[in-house]
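What follows is a short report on a single structure.
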Amino acid sequence: MNAKELGRSGILVPPLGLGCANFGREVDEDTSFALMDYAFERGINLFDTAEAYGAGQARDYRKKYLGVDDVRETSSEYHSSEKIIGRWLRSRNVRDRIVLVTKVTTNFARSHVREALEASLERLQTDHVDVYLFHQFDANTPAEESVAAMDEAVGSARARAGGCSNYNAAQLRDALETSRRLGVRRFEVTEPIYNLVAREIEQDLLPLCRSENLGVLSYSPLAAGFLSGKYQPDRSRFPKGSRFDVIPGHADVYFNEQNFQTVARVHETASRLGVPPLRLAMAWVLRRPEITTVLVGARNTAQLDNAVEAMKLSSDPAWQPALESVAAS
């Protein structure tokens, strides 16, 4: 795959990355290993994870917020994503050929970020990550403290570049302006959600990233599987073991009448064009020039194949009118 620089970081990344949130959660360790092998063999060498991605955390979420105490995960391991990647890296001995991204969840004080990064490195069985991100905006940490914490992480060589995930444009702009004012390293990477039913970043975040030359890792190109059409408005009928079954909060994000209508239009357009609907939806995301890498949270190798084929489709000039028509619908 043709590599691109991630913002101004000097890190070269492929147009597709492997999202590893489901490791140990919806897919077991053997399947996770097979997915990493398959991705790596095809040039997908960016792996995205976080300290928050774990089977244990998913189970705790359901118990705390839904009052449901049951077992839906493939393991009970906390931080299972980072730990499984760490075991894979140790067994394959390819750390220097992987672009590794992980995140700290909350509390971006320097002391906590230092401890969280050390813990992630231990789970990942490496001495550094390539990209370290704040997983979400933390209003309880002043911008001066958070940018200083990320500057320290990168300056310590435990991370090659820093950035944020799930920040809106105003929050990201404030972080960039604060780092300039303090004379410290700026965020080089941002990781937003982006798909046919979550397009808010088009308004101001993507233009900001373009003007500031920031790397963009977009996630959930298929809306956590919502665009597959397998979900119905009845929340009691989630397919067993699906992303929405394990993490029901996804329904709060996507379940509304307009989004279900978008799913129907995507499937109608795909049928007319003779292309799988998920391939069409993936190609639509890949067509955006501001997106450096699209993260694919695959559950099987066929889903990785779909992403690779979608990449070919998105770069074919003959398909641009069809992709634009989907975007305009």
So how do 98-111, 197-210, 32-45 stack up, highest first, on mean other-Cβ count within 10 Å? 98-111, 32-45, 197-210
Rounded, prolate or oblate for the chain? Axes are the square roots of the Cα gyration tensor eigenvalues, ordered a ≥ b ≥ c, and the cut-off for rounded is a/c under 1.5. rounded
Once the Cβ-Cβ distance between Arg237 and Ala264 is put in as r, and R0 is 25 Å, what FRET efficiency do you end up with, to the nearest 0.05? 0.90
What are the ³J(HN,Hα) values, in whole Hz, obtained from phi via the Karplus relation 6.51 cos²θ - 1.76 cosθ + 1.60 with θ = phi - 60°, for each residue of segment 210-215 in sequence order, with x given for Gly and Pro? 5, 5, 9, 6, 9, x
The summed charge of the Asp151 Cβ neighbourhood (under 11 Å; Lys/Arg +1, Asp/Glu -1) stands at 0
Cut-off under 5 Å, modelled amide H: who pairs with Lys4 long-range: Val13
Under a crude label model (7 Å from the Cα following the beta-carbon direction), how far is Asn166 from Leu66 in nanometres? 1.7
Where both partners of a DSSP beta bridge lie in the chain, what percent of those bridges are antiparallel, to the nearest 5? 10
Collect residues whose amide H, placed 1.01 Å from N in the peptide plane, falls under 5 Å from the amide H of Arg25; neighbours closer than 5 in sequence don't count. Thr74
Give me a comma-separated list of calculated 3J(HN,Hα) values for segment 259-275, in order, Karplus coefficients 6.51, -1.76, 1.60 applied at θ = phi - 60°, integers in Hz, x for any Gly or Pro. 5, 5, 5, 5, 4, 4, 5, 4, 5, 5, 5, 4, 5, 5, 8, x, 10
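Lys and Arg at +1, Asp and Glu at -1: add these up for the other residues within a Cβ distance under 14 Å of Asp28 and post the number.
Here the count lands on 0.
Based solely on its DSSP helices, what 222 nm [θ] is calculated for the chain when runs of n ≥ 4 H residues each add -39,500 (n - 2.57) and the sum is averaged over all residues, nearest 500 deg cm²/dmol?
Result for the chain, helices only: -13000 deg cm²/dmol.
To the nearest 0.05, how large is the calculated FRET efficiency for Ala34 and Glu144 if R₀ is 41 Å and r is the Cβ-Cβ distance?
0.40
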Taking θ = phi - 60°, what integer Hz values does the Karplus form 6.51 cos²θ - 1.76 cosθ + 1.60 yield along segment 150-157, in sequence order, with x for Gly and Pro? 5, 4, 5, 4, 6, x, 7, 6
Taking segment 1-86 and dividing mean pair separation by its residue count, relative contact order in percent (alpha carbons under 8 Å, at least six apart): 33
In segment 225-274, the trypsin sites (Lys or Arg not before Pro) that sit in a DSSP loop and have at most 13 other Cβ atoms within 10 Å of their own Cβ are Lys230, Lys240
P(r) of segment 1-125 over all Cα-Cα pairs, binned every 5 Å from zero, in whole percent: 2, 11, 19, 20, 19, 15, 9, 4, 1, 0
Placed amide H near Ile193: partners under 5 Å, 5+ positions off or other chain: Asn166, Tyr219
Name the shape class, rounded, prolate or oblate, that the alpha-carbon gyration tensor gives for segment 203-285, where a ≥ b ≥ c are the square roots of its eigenvalues, rounded holds for a/c under 1.5, and otherwise prolate holds if a/b is larger than b/c and oblate otherwise. oblate
If a paramagnetic tag sat 7 Å from the Cα of Val94 along the Cα-Cβ line, which residues of segment 302-319 would have the backbone N under 20 Å from that point? 302-309, 311
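I need to check one value: relative contact order of the chain, counting alpha carbon pairs closer than 8 Å and at least 6 residues apart, in percent. Show your work: numbers first, answer last.
On the way: 607 pairs, mean separation 60.3, N = 329.
Answer for the chain is 18 percent.
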With 10 angstrom as the radius, rank Glu268, Glu26 by how many other C-beta atoms surround their C-beta, starting from the fewest. Glu268, Glu26
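Any read-out appearing in this document is the output of simple, stated calculations on the displayed coordinates, not a laboratory observation. Since the structure is predicted, the reported quantities are computational estimates derived from the model, not experimental observations. Cβ sites come from the backbone with ideal geometry, for glycine too, and all protein chains shown count toward neighbours.
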